[in-house]
Structure formats: structure tokens, C-alpha cells
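Participant: Before anything else, here's the structure in question.
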Amino acid sequence: GLSTQPIWRKLWDDVMKTRPPNSENITCWRKKFLETFFSNVLHGVLDISSDWRLNDHHFSPLLHSSPHVSQLTLCNMLQGAVELTAEHNQKVLENLAASLRILKFQHLLSSDQSIRRSLVLLLHRLIHHGSVSQVSMYSWPVPDTVLLVLILSMSAGFWRSGNALAYHSSPCGLCREEDKAQSQALVQERAERGPRDERERSDGENQTRSPGAPEEANAEVNGCGADARLNSALSGLRTPPLQNQVCNEASSKVPCDHTSFQGGSSPRYVSDQLSCNPVLRKTRRRLKSAVGKKRRCLRQRRGPYADPEDLYDFVFTVAREDNSGLLDKNSTIEGENTENCTSSSPGSLCAGHAGCKKRGGSAGIFSLKAAHRFRSVSTLELFSIPLTGETCRTLSNLLSSWVSLENLVLSYNGLGANIFCILSGLRALSRHSDCHLRVVRVSDVFSHMPCMELVRCILSAFPQLHILSVSFDLKNQLEGNRPEGNPSCSEAEIPESCLEQLEIRFPREPLHTAFLLPVLKASKSLQQLSLDSATLPSSQELGLLLGALRECNPNLKKLSFHDVNLAEHQKEVLLLLQDPVLQEITFSFCRLFESSTTEFLSEIINTVKRNSSLKSLKLPGNRLGNHRLVALADIFSEDSSSSLCQLDVSSNCIKPNGLLEFTKKLEGYIQQRGGQIQFTHLRLFQNWLDQDAETAQEALRRLKAVCSVVNDSWDSSQAFADYISVM
């Protein structure tokens, strides 16, 4: 029943000898210590020989701490991946496969082939046969395309593609066991078939037998059935676009269905599709022969590692699939172009947008039904990693069938016109009935399309989203010159959605309620709305927005405005503070008091005093100063019915003497109310408390006896210009 937290905290000081970042937010020092200890030993930051308690040849620090590691960061040259896949750390890797949930890559550099091979083995064990559910990549200014595509593809559950099935050349014992079990099941199934079925199958094969048929039969005996053969054949056909070519050339003789090959289709059905044309019939015969030889070669190449050339083949094959999606066994892809954001063609993918143009090459159509798809992660995050057109096409193809994906974060990737390529993959994904995507966050420096247009485009395809965040810093000067073949998404119809949280950062775009209204009407479950850096085109616009919110979103609990000039909208601000449903209101850097009078501040205080539903009021960056902060203490007076728990007055030019006066006034109200006050949190970031350290310490000491105070040691000299403007 005794807590060991103090012991682990002391161990941190003794062993790590550093101050942990964000120590106030650490809830379990045991977990924090063991995770950091593992990472520091792995990357050579911590020298265990310097501590007599750790310097024991019977003790393995990685093995001891690995069961407690749920988050791991690999960086630079991926030395950690090499160490973890070493033979002597096999048990460590097994422990990580069970405990690790979040895998991060940061500041990666180009690596040689042996390091990439180690990374392949690590990802295969931790993702495909492990418990990793989130892959995040940070700060990679010049990404290595091979390495990036490799991480993305394996995170999506793919390893090898085309006619080299992933698990046939895998050194993973788990894959071999699975392969063996499947082969045994196939043999047993065939043994149970009656003689009549065997004769029918033999008759059918004799009609189309080729010189490669004996080799093909040998492959089937070894567990590689018709589905694998089909996958290899389809992957090898790289003629653009295969499906339409087949149907057009054979339409006068054999009726061909103009749909993509279904994952659940029988081999005989697809064989008929391939046989619509005599040229393709010959190609199929040659491929069937080659497939049997290839499989024998793959079996012969099994060893401790896969052929190094296969890694390159895999990566560049995925990147070249310009018009093709990587699909699971129930998916389809058509080799047609996606011309706009509202394309309704089933399974259509990125294939012709500006910024997403083909480099030439093929537009093959293939099914990955036979290619064993491994487990994939549910969260993908890419922060500050530039994505080229080729990488975006690869990501789009992977997204098109990534049904396990629940959270997608693309932040500062320099997408530009490639945003249409990503949207194409997302629309293809939305057509899967088992799609799990619930959170999408897209942010970048330049916007290639208006924010509201992008919001409508995403929501029209994913009404099941719970959180959508769209954020851009600057407006693209060329935005008016839209790429040919990409008409506007602004007319896309939005079905009733499950959206609960919507965040939009406008690159200084006008906030037109008429454009936002369809989104609000479709989002009856909306609980949080954040509008950032928008301009109000008219004095009536904010009033229209508030009316739309009251009518369309009765469940809205949190409303935030950041960097929106509300100096001339005092009436609307007071209406918001009166709202009986809102529990949290944020006016951040909104210039509330720029042209206001003392009466406006009094109205705000009286309004909040009468509102019993408001729990949190955040007013950072509004130049409150000392006198307005002291006045805000009246919210907690004896005659107040306010239930306010949290108050944020960060970046408000508050000095130590003003904070002390506010504290004394607050203490007096608490005494008058017999200690019955709900105020619990006060945020004071970036105020001028360093100007009188002694007074500031006294004020903070007395405040902390009343509520939880969060502040920082900020240098107020940085705010000299702001200080002059307040003067």
C-alpha cells in the first residue's frame, strides 16, 4: 500500500543526473525512469559502467527494462535498430513486441543497406507481429525516399510486393510457422475433395497446359496455390491500363465487365478476364511458367536474411504504382484517372493532378488477395517531413486500403498541389465498409485550396470522422490558378456526420458563415469548434455565426477564437459569455480591450458571474494589465453564481504587484464565502513576473494555497515593444 514514486524519482536523480522535461506532468516515475533508461542505454547516452549497481555482467539493462517500454524513439543513423535486431538481443525484441505501442523516428539520416535490413526486421517484428499501434516521424528536412517509403509501407502492413510474396522470403520464424500451417490446411482441404472434383480440375488444366505447368504444380504442392499464382501474374502485367485494354480489344467477342478485379473473385473468373484476348493468353502462359521457377528460387534463397536486392525492388515498386492501390483481400483498384474531389468512381486513385503527375511508366492493375497482408498500425503522424510527388503517390496508394488507420496527422509536409493526391487515396479508403479513420489533422505553411473547401471535401468523404483539423499559415498566391482537372470541392454534399471536434486555421482568409453553415448543419454532434486567424468581412458576420451555432449545434461545449480581431464585436462577445450550454470559451489574442471602455470589462465580469455553466475562461494575449486582472477577481465575489474553475491570463502584461493585489482580493472573497469556491486552476505564462522576484514569489506562494498555478520563468525584456504600446 506504500507508493514507490519517491524511490523512482531519487533513482532518476542518481542515474540520469538530469532534470526531466515536463516533470510536473509525470504521473508514474517508475515508467518514466525505465523507458528513459532503456532509450539512453540503447543509444549510448548512459554509461552503465559508471554506476556500481549496474556494472554487473549478469545484468542486462535492455532486457531488464524492455517489458516496461511502451514508447521508443529511433534517430539519426538508426543505430538502435541495429542493436535491437542483434542475435544477443532476441529476447529484448520479443519483450518489445509485447510492450511497445508507439514507435517514433526523429532526425533520420541516410543509412546503408545493412542498417535498412535491420530496420526491416525490426519493423516486421514490432508492427506485423507486435503491438505497435502508432508510428510517428519528426524533422526530416531531406528525407531518404527509400527509407521513408519503406517505413510507410511496412506501417501499412506491406513488406514485399508483386510476384515476391512477403512471407515466402521472410527470415521471421512466425511467418514460416504461419506459412506451414496454411500449407497443411491447404493439403488437408485437397485431400478431402472427392475424385470427381480432381478429375474436373485435371480436365480443365489439360486444356491450357503449358511447358511451365509441371513447375506450377510443384509450386502448389509446396503451399503456393492459385491465388498466389494469380497475384504474380497480375503484378507482372504492367501494360497501361490493363483492364480497359482487355475489355476494349475483346468487346466484340466476349462481354467483359468494366469493373476492377474483386478481391473475393475466384481464380477462374479472373482467368477468364485475362483470357479475353489471345495476346494476353500467351502472356499468361509465359507468366505461369515464370512463376513456378520464381517460387522455387524464393524457397532456395531462404536464409537468415532476405536477398538485399528484394528490399530495393519492393520500395521502388511501391513508389512506381502511379495509378495502382495496394489493397487488402476485399479491395479493388481501377486504373482510371481521378479528375476531381467529388469523383464517385469506386476505388479511383490519384493519377493526373498537377503536382501529382505521372513520370511515365505503367498503370498496372493487380490484386493483393494472394499477398499476405500483415498487421498495420492505427496511427500515422508525419511532422516536418517534405513529401515529393512520388512519395505522395505512394502514400495515397497505401492510404487507399489502410482500413485499420484511425488517426492521420500530416503536418508541414509541403504538400502544395499534392494535397489532391492525398485526398484521392482518402476517398478510395472511405469506400471500404470497414474503414476506421476517425481523426484527420492536416497543417502546412501554404494552402493550395481554401480551408473551407478542404474541410467540405474531407467531410463529404468521411462523415464518420470525430476530429478534423485543417491549419495553414499563409495563402498560396497562385491559389486562383487551379490545376486543370481539379474543379472546386465547395459544392460537395456533406451527409450527416459524427464530427465532434472541428479546428480550422485560416491563412488570413475571410470567415464567411455561408461557407461554414453546411458543415455546421451536418455536424449535429459537434462539441468543440476552434477558429484561428480568420478575418471577419463584415460587422454582421460574427452574429450570423453565433446564430448558426445556436440553431445547428445545440451540443457545442467548447468554442475558441484565436487571433481573430473582436475589438469591434463587444455585443457578440457578451452573447457568447451568456450562453447556457458553453462550458469553455477562449478569446486568445483577440484584442478584446483594444478600443473598449471600463464599462465593457464590468459587463464581462457581471455576465460571467451570472453564468453557472461556464467552467473555463481563457483570455491570453488580450493586454489585460494589472488593473483588469484585479477587476476579474470580482467574478468570485460573494454574490456570484459562477462555477468558473479555470482562468487563463497568459501573455497579458501582468506585473508582480498586480498579481499580488489580485491574490489578496481573491483570498478575501474566499473568506467571505467560507471557502466555498470552485476556482482550481490559474495559468500565468509569459507575464512580467521577473521584474520583482520577491513580490512575485509571495503572490505565487499565496495563490498556490488557493488553486493550482502554472507559470514559467519568462524574460519580459522580449516584450518591450508590447510594453511601450500598452503605455
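The values are calculated or read from the model by the stated rules, or taken from the named source; none is laboratory data. Everything quoted here is computed from the prediction, not taken from an experiment. Cβ coordinates were reconstructed from backbone atoms using ideal geometry, including for glycine residues, and neighbour counts include every protein chain displayed. These accessible areas exclude ligands, DNA and RNA; they are computed on the full protein's heavy atoms, side chains included. Shrake-Rupley method; radii C 1.70, N 1.55, O 1.52, S 1.80 Å.
Participant: From the square roots a ≥ b ≥ c of the eigenvalues of the alpha-carbon gyration tensor of the range 554-687, which class results: rounded (a/c under 1.5), prolate (a/b over b/c), or oblate?
Facilitator: oblate
Participant: Among Leu575, Pro507, Asn555, which residue has its Cα positioned farthest towards the positive end of the charge dipole of the range 507-578, with +1 placed on the Cβ of Lys and Arg, -1 on the Cβ of Asp and Glu, and the dipole taken about the Cα centre?
Facilitator: Highest projection toward the positive end goes to Asn555.
Participant: Can you give the local net charge around Ser133? Use residues other than it whose beta-carbon is closer than 11 angstrom to its beta-carbon, Lys and Arg +1, Asp and Glu -1.
Facilitator: Overall, the nearby charge balance is +1.
Participant: Which shape class applies to the range 1-69: rounded if a/c is under 1.5, otherwise prolate when a/b exceeds b/c and oblate if not, where a ≥ b ≥ c are the square roots of the Cα gyration tensor eigenvalues?
Facilitator: Since a/c reaches 1.5 and a/b is larger than b/c, the shape of the range 1-69 is classed as prolate.
Participant: A follow-up question, please. Count the net charge of all other residues whose Cβ sits under 9 Å from the Cβ of Ser641, scoring Lys and Arg as +1 and Asp and Glu as -1. Write out the running numbers ahead of the final one.
Facilitator: Numbers: positive: Lys609, Arg610; negative: Asp639.
For residues surrounding Ser641, the net value is +1.
Participant: What does the accessible area of Arg9 come to, in Å² to the nearest 10, when a probe of 1.4 Å is used?
Facilitator: 80 Å²
Participant: Separate question: Got a sec? Charge dipole of the range 557-726, +1 on Cβ for Lys and Arg, -1 for Asp and Glu; which of Cys707, Val649, Ser612 is way out at the positive end?
Facilitator: Of Cys707, Val649, Ser612, it is Ser612.
Participant: Based on a Kirkwood Rh over C-alpha pairs, give the Stokes-Einstein translational diffusion coefficient of the range 386-442 at 25 °C and viscosity 0.890 mPa s in µm²/s.
Facilitator: Translational D for this selection: 216 µm²/s.
Participant: Still on this structure, I have one more. If the only charges are +1 at each Lys and Arg Cβ and -1 at each Asp and Glu Cβ, what is the size of the charge dipole of the range 1-131 around the Cα centre, to the nearest 20 debye?
Facilitator: Approximately 360 debye in magnitude.
Participant: A further question on this structure: Can you list, largest first and rounded to whole Å, the semi-axes you get for the range 1-148 by taking the square root of 5 times each eigenvalue of its Cα gyration tensor?
Facilitator: Numbers: eigenvalues 147, 60, 49 Å².
That gives 27, 17, 16 Å for the three semi-axes.
Participant: Could you put His58, His124, His129, His681 in order of accessible surface area, largest first, with the 1.4 Å probe and the full protein assembly present?
Facilitator: The ranking, largest first, comes out as His58, His681, His129, His124.
Participant: Roughly how many Å² of Leu549 are accessible to a 1.4 Å probe, to the nearest 10?
Facilitator: Roll a 1.4 Å probe over it and Leu549 shows about 10 Å².
Participant: Then there's this: Quick one: dipole size for the range 557-726, taken about the Cα centre, charges +1 on Lys/Arg Cβ and -1 on Asp/Glu Cβ, in debye to the nearest 20. List each step's numbers first, then the result.
Facilitator: Values: 18 positive and 21 negative charges, 103 e Å.
Here the range 557-726 has a charge dipole of around 500 debye.
Participant: Give the accessible area for Trp714 in Å² (nearest 10); use a 1.4 Å probe, count only protein heavy atoms, and leave out ligands, DNA and RNA.
Facilitator: 50 Å²
Participant: Give me, ordered by chain and number, the residues 5 or more places off Asn76 or on other chains with an amide H under 5 Å from its own placed amide H.
Facilitator: The answer is Gln106, Leu108, Leu109.
Participant: Within the range 557-726, what is the number of lysine pairs with alpha carbons under 18 Å apart, leaving out pairs fewer than eight places apart on the same chain?
Facilitator: Number of lysine pairs found: 12.
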